Amino acid sequence: MINLYELDLDALGKLLAEWGEPRFRAKQIWSWLYEHRVSAVSQMKNLPRTLIERLESETQLGTLQVAAEEVSADGTVKRLYRLRDGQLIEAVLMIYDDDRRTACISTQAGCAMGCVFCATGQMGFARHLTATEIFEQALLFARDLEGQGERLSNVVFMGMGEPFHNYEAALVAVRRLMDDLGIGARHITVSTVGLVPQILRFADEGLQVKLAISLHAATDEERDVLLPVNKRWPLEKLMEACHTYIEKTGRRISFEWTAIQGENDTLEQAQALGKLLKGMLCHVNIIPLNPTGGFELGPSATERIDRFAAALAGYGVTATVRVRRGIDINAGCGQLKSAVIRSRDIPGGA
Ligand code: SAH
Ligand code: SF4
């Protein structure tokens, strides 16, 4: 079967030429796929019956199979997808009170970075996703929203996996979100644990896409404990790359800070962070730790987070506490594995 979502307009044109179809059919089909975002070939109304039949028998709209779906009390939708080879990945759609509809998508099955508080890190690395597998996660949400008269507005690369460990595919997916789904670059965020060469490469892409860096600790001693990758790219190198990125792009960086009670929410860490980021074009997002099975510590209490943020403010560094979403269905940051495990009970699950 040919996956229509894998073809660019040229490749689609070639396929149709081989089938003896006129040139304009490719544009028509393209428009059904990405402007109307149909979920079945039968909905492509201006195509001849014979072409519809051939498309139905020889092509498919995507390869991701929904293995499970859960909807949280706050409207967050979490989907478990089964890939062609049986690997399971998750994607989350967050619905906000304004018009924002944000898809959180995965770039790998598992993750090789091993951050100790992250459910995906705890499961280890299975494989990279292809660019189409990454793009399709957002497309499927966009398709469903279209059916409800709504638009997917934002995409964050904050699901399972490290986007910069799968750099090429992630970047192709970013460009397709912009070109094919019409999502503005400023509405796309790529989050990385801090792979220095890729941060530098990203700075040269000429994209207006937002960059988030998962910092979580402001001293090597503390960061080594939480993020094994810090041994490879310690803070000094990481911050050097961040400064280069800001100089080259003129863009602000978001630093992610998962607040762990008694671990990285101390005044010492706040002060170290304040010194590290003072004067930098950046913002800190504080995310209270979401529970995962393989990590015993808990989220920081509100007073501790407030004290932390106040200390940062003393250095002129702005911070916001991110609203936790989808916690009741384990769709919060770093919680994506538990559902993957449960999915083993789903008939046909891997
Ligand atoms: N691999 C990339 C993107 C995916 S993780 C990265 O690490 O940046 C998205 C964010 O969720 C990261 O900032 C990550 O550190 C954070 N996160 C991971 N586990 C978490 C947990 N248990 N609670 C809260 N945030 C977590
Ligand atoms: Fe991988 Fe990001 Fe989880 Fe770290 S936090 S293990 S980089 S997905």
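You will find that of GLU69, GLU90, GLU56, the residue that is in a helix (DSSP H, G or I) and either within 24 Å of GLU146 (Cβ to Cβ) or touching a residue at least 60 places away in the same chain (Cβ under 8 Å) (or both) is GLU56 and no other.
Does VAL155 satisfy the condition of being of a type outside the set (D, E, K, R) and either within 15 Å of ligand 1 (Cβ to nearest atom) or not assigned by TED's automatic domain parsing to the domain that holds ASP98 (or both)? For VAL155, the condition - of a type outside the set (D, E, K, R) and either within 15 Å of ligand 1 (Cβ to nearest atom) or not assigned by TED's automatic domain parsing to the domain that holds ASP98 (or both) - is met.
When LEU51, LEU16, LEU61, LEU47 are checked against the criterion of being within 32 Å of the chain's Cα centre (by Cα) and either in the same structural domain as ARG175 (by TED's automatic domain parsing) or surrounded by 13 or more Cβ atoms within 10 Å (Cβ to Cβ) (or both), a single residue qualifies: LEU61. Residue-level analysis places GLN108 among those that are in contact with an Asp or Glu (Cβ under 8 Å, 6 or more places away or on another chain) and either of a type in the set (Phe, Trp, Tyr) or in contact (Cβ under 8 Å) with a residue 12 or more places away in the chain (or both).
Within the range 253-273, being closer than 28 Å to VAL209 by Cα, out of contact with any Gly (no Cβ under 9 Å at 6 or more places or on another chain) and either of a type in the set (Ser, Thr, Tyr) or not assigned by TED's automatic domain parsing to the domain that holds LEU215 (or both) holds for one residue alone: SER254. Could you please let me know if ALA270 is buried (at least 22 other Cβ atoms within 10 Å of the Cβ) and within 16 Å of ligand 2 (Cβ to nearest atom)? Here the answer is no, as ALA270 does not meet what is asked. Of the candidates ALA142, ALA91, ALA131, the single residue that is of a type in the set (A, V, I, L, M), crowded, with 16+ Cβ neighbours inside 10 Å, closer than 30 Å to LYS231 by Cα and away from ligand 1 (no atom under 16 Å from the Cβ) is ALA131.
Among the helices (runs of 4 or more DSSP H) lying completely within the range 120-230, list those that include at least 1 residues that are away from ligand 2 (no atom under 16 Å from the Cβ) and at pLDDT below 95.
Correct list: 131-147.
Kindly provide the set of residues from the range 60-116 that are touching a Gly at 6+ places or on another chain (Cβ under 8 Å), aliphatic (A, V, I, L, M) and under 21 Å from LEU181 (Cβ atoms), ordered by number. Across the range 60-116, the qualifying residues are ILE89, ALA91, VAL92, MET94, ILE95, ILE105.
Of THR50, THR59, THR63, all but one fail to be closer than 21 Å to MET160 by Cα and either in contact with a helix residue (DSSP H, G or I) (Cβ under 7 Å, 6 or more places away or on another chain) or among the polar types (S, T, N, Q) (or both); the exception is THR63.
Within the range 317-334, is even one residue at pLDDT 95 or above and within 12 Å of ligand 1 (Cβ to nearest atom)? Looking through the range 317-334, none of the residues is at pLDDT 95 or above and within 12 Å of ligand 1 (Cβ to nearest atom).
A count restricted to the range 290-316 and to residues that are under 25 Å from LYS275 (Cβ atoms) and surrounded by fewer than 18 Cβ atoms within 10 Å (Cβ to Cβ) stands at 11. Residues that are over 28 Å from ALA301 (Cα atoms), away from ligand 1 (no atom under 14 Å from the Cβ) and surrounded by 19 or more Cβ atoms within 10 Å (Cβ to Cβ) within the range 210-266 comprise ALA241, TYR245, THR249, listed in sequence order.
Checked against the criterion of being within 16 Å of ligand 2 (Cβ to nearest atom) and within 30 Å of GLU263 (Cα to Cα), the range 66-73 has no qualifying residue.
A single member of GLY86, GLY114 is at positive phi, away from ligand 2 (no atom under 11 Å from the Cβ) and either surrounded by 24 or more Cβ atoms within 10 Å (Cβ to Cβ) or not polar (S, T, N, Q) (or both), and it is GLY86. The single residue among GLY161, GLY124, GLY110 that is away from ligand 1 (no atom under 13 Å from the Cβ) and closer than 25 Å to VAL225 by Cβ turns out to be GLY124. Taking the residues in the range 145-160 that are over 11 Å from ALA91 (Cβ atoms) and in contact (Cβ under 8 Å) with a residue 60 or more places away in the chain as candidates, determine which candidate is surrounded by the fewest Cβ atoms within 10 Å (Cβ to Cβ). That would be GLY147.
The values are calculated or read from the model by the stated rules, or taken from the named source; none is laboratory data. Because the structure is predicted, anything quoted here is derived from the model rather than measured. Reconstructed Cβ throughout: ideal geometry from the backbone, glycine too, with neighbour counts over all protein chains shown.
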